[in-house]
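Here's the structure, in structure tokens; my notes come after.
The values are calculated or read from the model by the stated rules, or taken from the named source; none is laboratory data. Remember, predicted model here, so these are calculated numbers, not experimental data. Cβ sites come from the backbone with ideal geometry, for glycine too, and all protein chains shown count toward neighbours.
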Amino acid sequence: MKKLVIANWKMNPLKGAEAEKMFIAINKTAESLKNVETVICPPLVYLQSLGQLVTKRSCVLGAQDAFWEHSGPYTGQVSPDMVFNTKARYVIVGHSERRAMGETDDMVNKKIKSILQFPLIPVVCVGETKRDDDMQYVKDVKHQIRESLHGLTHEQMMRVVIAYEPVWAIGSGAKRSCSPAECREMVQIIRQVLADALSNTEYVKQIPVIYGGSVDETNMRVFLDDGLVNGVLVGRASLDPKIFSKMLKIVDKKP
Ligand code: PGA
């Protein structure tokens, strides 16, 4: 399985021309890599123009969200059909910044089901807001996964990517990133929840579980090697094409 490196540009950059420059710069590295699938998730308004830069060997595009309905009176929303009609092939769902704005597991579940009606890959974000001593955080993450994937067929479940993103480790306010041991513990729990849902431990190996939260060029190799993840979801560090390209090269080199 190729390593998955997903750039979440969030609400950046301010201009479309800048987004194109960033995409082109990152792509110079991305298209030469053998072991990495690079996904760029820009703001929705840039998907169309960046789609024109997509080739067979280039970075792939992803959306940061999509609504569950096809079309209709839903002011401000964008449907998976519309996302698919740009060249995007991934959709981030349930990011903690959206959950903080009121997105529930039930809404995430509806979005995933809608996205899966297209040849799109949902990147389902889960993660606890804090770590406590009574292991409530483990229960919370298990609950998020079960609710988010509720009602999916086995075949549909095999098409998702799970992104473990502890909320306390995300963004400039984070005091520290997750340690590889903390990451590994949760990734094993996530794989177990998936194996239980699929009643199969072999299939689960094909579902990528990635980590996000203060990943940069200094710690990303450690997450892959010791955190047992299949890739990373990168916020801030993906906004600097030089740093992000360096990260891609690090991932491409097999240990
Ligand atoms: P960060 O963001 O890398 O800036 O911590 C990660 C994310 O929110 O996905």
* **Residue in the stretch 224-243 that is farthest from the ligand (Cβ to nearest atom), counting only those that are surrounded by fewer than 24 Cβ atoms within 10 Å (Cβ to Cβ) and in a helix (DSSP H, G or I)** => Asp225
* Structure fact -> Within the stretch 45-92, residues under 26 Å from Leu149 (Cα atoms), without any contact (Cβ under 8 Å) to a residue 40 or more places away in the chain and among the hydrophobic types (A, V, I, L, M, F, W, C) come out as Val60, Leu61, Ala63, Val78, Met82, Val83, Phe84, Val91
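Does the stretch 33-44 hold any residues that are part of a loop (DSSP other than H, G, I, E, B), surrounded by 15 or more Cβ atoms within 10 Å (Cβ to Cβ) and touching a residue at least 40 places away in the same chain (Cβ under 8 Å), and which are they?
Going residue by residue through the stretch 33-44, those that are part of a loop (DSSP other than H, G, I, E, B) are 33-35, 42-43.
Add one more test, that the residue is surrounded by 15 or more Cβ atoms within 10 Å (Cβ to Cβ), and what stays is 33, 42-43.
The one that is part of a loop (DSSP other than H, G, I, E, B), surrounded by 15 or more Cβ atoms within 10 Å (Cβ to Cβ) and touching a residue at least 40 places away in the same chain (Cβ under 8 Å): Leu33.
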* With the condition kept exactly as written, say whether any residue in the stretch 162-179 is away from the ligand (no atom under 16 Å from the Cβ) and at pLDDT 95 or above. => no
* Total residues in the stretch 114-123, condition within 14 Å of the chain's Cα centre (by Cα) and surrounded by fewer than 24 Cβ atoms within 10 Å (Cβ to Cβ) -> 2
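Would you call Leu47 more than 21 Å from Ile170 (Cα to Cα) and either surrounded by 19 or more Cβ atoms within 10 Å (Cβ to Cβ) or touching a Leu at 6+ places or on another chain (Cβ under 7 Å) (or both)? Steps first, please.
Working: more than 21 Å from Ile170 (Cα to Cα): yes; either surrounded by 19 or more Cβ atoms within 10 Å (Cβ to Cβ) or touching a Leu at 6+ places or on another chain (Cβ under 7 Å) (or both): yes.
Taking the combined requirement at face value, the residue satisfies it.
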* Filter result for the condition that a residue is in contact with a Pro (Cβ under 7 Å, 6 or more places away or on another chain) and either of a type outside the set (Phe, Trp, Tyr) or not in a loop (DSSP other than H, G, I, E, B) (or both), over Ala17, Ala7, Ala88, Ala25 -> Ala25
* Looking only at the stretch 132-176, which residues are in contact (Cβ under 8 Å) with a residue 60 or more places away in the chain and part of a helix (DSSP H, G or I)? -> Val167
* Asked: Of all residues in the stretch 198-218, which are more than 10 Å from the ligand (Cβ to nearest atom) and of a type in the set (Asp, Glu)?
  -> Glu202, Glu217
* Filter the stretch 123-140 down to the residues that are in contact with a Phe, Trp or Tyr (Cβ under 9 Å, 6 or more places away or on another chain), among the β-branched types (Val, Ile, Thr) and at pLDDT 95 or above, then identify the one that is farthest from the ligand (Cβ to nearest atom). => Val126
* All positions within the stretch 69-108 that are more than 16 Å from the ligand (Cβ to nearest atom), crowded, with 19+ Cβ neighbours inside 10 Å and of a type outside the set (A, V, I, L, M) -> Ser79, Pro80, Thr86
* To do: Check whether at least one residue in the stretch 107-115 is in a loop (DSSP other than H, G, I, E, B) and not β-branched (Val, Ile, Thr), and report yes or no.
  => no
